[in-house]
Amino acid sequence: MENVLKPQQKGGWCDQKGKTKALKNRISAHTIIAQGGRCAYCESMLLRGAHAIEHIAPKGIYGDFAFEPYNLVTACSSCNSTTNKGENDTLSPPVNKQDYNANRFVIVHPYFDNPEEHFKYQDDNKTVFDEPNCSKEALATIKMLHWNEMWAFNQRVSTARTRDLPADVLALVGEIVTYRQK
Ligand SMILES: [Zn+2]
């Protein structure tokens, strides 16, 4: 396992005869199930083939956190794109490079923060932000991920439609998203 988890420069994954791919698939399946089949940031339903493992503190800057469990989530391809979250720095200085948990983040952290305390909305469907009442971390998230753009608004509308789906339907969607042919 140690050889597989050898980060290359800039925190890239060292590929060893498909072992890295298998590990990434396991991390991906684990995080998707833990997230109920939703994007860790925008909470939209993940679509098959349109999601990726995301490093909250970007691996290009913080290679030491490339395999830190609380730094790994699955995000939709929109939030995760290079023009949105990309390699944007999410850590608030001074940065503690030894202890991930000792850091403060400029955005709402998917594991450490409760989004309901940060994001406020003008409507019950949670599609239009009530920015004056959002926390500064929420405002930084909205700005970094470009959630004021139309694509993100459309995703929030879709998310509103799936918010009240029964648990068994959501579990089925999660299984479909993570399904891989043996
Ligand atoms: Zn998203």
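None of the figures in this text is laboratory data; all of them are computed from the coordinates on show. It should be emphasised that the depicted structure is a prediction, and the values quoted were computed from it without experimental measurement. Don't worry about glycine lacking a Cβ; one is built from the backbone with ideal geometry, like all the others, and counts go over all protein chains shown.
Please find, within segment 151-182, the residue that is farthest from the ligand (Cβ to nearest atom) out of those that are of a type in the set (Val, Ile, Thr) and more than 30 Å from Asn88 (Cβ to Cβ).
As a first pass, look at segment 151-182 and keep what is of a type in the set (Val, Ile, Thr): 157, 159, 162, 169, 173, 176-178.
Filter once more, so that each one left must be more than 30 Å from Asn88 (Cβ to Cβ): 169, 176.
Working: Val169: 20, Ile176: 18 Å.
Checking each candidate, the answer is Val169.
Being of a type outside the set (Ser, Thr, Tyr), touching a residue at least 40 places away in the same chain (Cβ under 8 Å) and within 15 Å of the ligand (Cβ to nearest atom) is the filter here, so list the residues in segment 81-106 that pass it. Show your work before the answer.
The initial filter retains those residues of segment 81-106 that are of a type outside the set (Ser, Thr, Tyr), namely 84-89, 91, 93-99, 101-106.
Checking the rest, the ones that are also touching a residue at least 40 places away in the same chain (Cβ under 8 Å) come to 84-85, 88, 103, 105.
Answer for segment 81-106, where residues must be of a type outside the set (Ser, Thr, Tyr), touching a residue at least 40 places away in the same chain (Cβ under 8 Å) and within 15 Å of the ligand (Cβ to nearest atom): Asn84, Lys85, Asn88.
Do you know which residues across segment 58-67 are crowded, with 16+ Cβ neighbours inside 10 Å, free of Cβ contacts under 8 Å to residues at least 60 places away in the same chain and not basic (Lys, Arg)?
Applying the first criterion (crowded, with 16+ Cβ neighbours inside 10 Å) to segment 58-67 yields 58-59, 61-63, 65-67.
Imposing the further condition that a residue be free of Cβ contacts under 8 Å to residues at least 60 places away in the same chain reduces the set to 58-59, 61-63, 65-66.
Within segment 58-67, Pro58, Ile61, Tyr62, Gly63, Phe65, Ala66 qualify.
Tell me, please, whether a residue that is away from the ligand (no atom under 13 Å from the Cβ), part of a loop (DSSP other than H, G, I, E, B), among the polar types (S, T, N, Q) and within 30 Å of Thr127 (Cβ to Cβ) can be found in segment 34-46. Give the derivation first.
Of all residues in segment 34-46, those away from the ligand (no atom under 13 Å from the Cβ) come to 34, 36.
Narrowing the set further to residues that are part of a loop (DSSP other than H, G, I, E, B) leaves 36.
Applying the additional criterion that residues be among the polar types (S, T, N, Q) yields none.
So far as segment 34-46 goes, no, none of its residues is away from the ligand (no atom under 13 Å from the Cβ), part of a loop (DSSP other than H, G, I, E, B), among the polar types (S, T, N, Q) and within 30 Å of Thr127 (Cβ to Cβ).
Search segment 130-150 for residues that are under 13 Å from Thr90 (Cα atoms) and pair each with any residue that is basic (Lys, Arg) when their beta-carbon atoms are under 7 Å apart and the residues are at least 6 apart or on different chains.
Here the result reads Met144/Lys85; Leu145/Lys85, each pair linking segment 130-150 to a residue that is basic (Lys, Arg).
If you go through segment 39-57, how many residues are out of contact with any Phe, Trp or Tyr (no Cβ under 9 Å at 6 or more places or on another chain) and touching a residue at least 24 places away in the same chain (Cβ under 8 Å)? Working first, answer last.
Step one: list which residues in segment 39-57 are out of contact with any Phe, Trp or Tyr (no Cβ under 9 Å at 6 or more places or on another chain), which gives 39, 43-47, 49-53.
Subset that is touching a residue at least 24 places away in the same chain (Cβ under 8 Å): 39, 43-47, 50-53.
Summing the residues that are out of contact with any Phe, Trp or Tyr (no Cβ under 9 Å at 6 or more places or on another chain) and touching a residue at least 24 places away in the same chain (Cβ under 8 Å) in segment 39-57 gives 10.
Quick check: anything in segment 87-108 within 18 Å of Tyr179 (Cβ to Cβ) and not in a loop (DSSP other than H, G, I, E, B)? Don't jump to the end; show me each part of the working.
Filtering segment 87-108 for residues within 18 Å of Tyr179 (Cβ to Cβ) gives none.
No.
Look through Leu91, Leu165 and report the one residue that is within 19 Å of Ala40 (Cβ to Cβ) and surrounded by fewer than 18 Cβ atoms within 10 Å (Cβ to Cβ).
Working: Leu91 fails: surrounded by fewer than 18 Cβ atoms within 10 Å (Cβ to Cβ).
After applying the criteria, what remains is Leu165.
Among the residues of segment 68-80, what is the count of those that are assigned to a loop (DSSP other than H, G, I, E, B) and either near the ligand (Cβ under 8 Å from one of its atoms) or under 13 Å from Trp151 (Cα atoms) (or both)? Give the derivation first.
The first filter runs over segment 68-80 and keeps only residues assigned to a loop (DSSP other than H, G, I, E, B), leaving 68, 77-80.
Then drop every residue that is not either near the ligand (Cβ under 8 Å from one of its atoms) or under 13 Å from Trp151 (Cα atoms) (or both), which leaves 77-80.
Going through segment 68-80 one residue at a time, the tally reaches 4.
Residues in segment 53-67 that are out of contact with any helix residue (DSSP H, G or I) (no Cβ under 8 Å at 6 or more places or on another chain) and within 15 Å of the ligand (Cβ to nearest atom): how many?
Looking only at that region, the number is 1.
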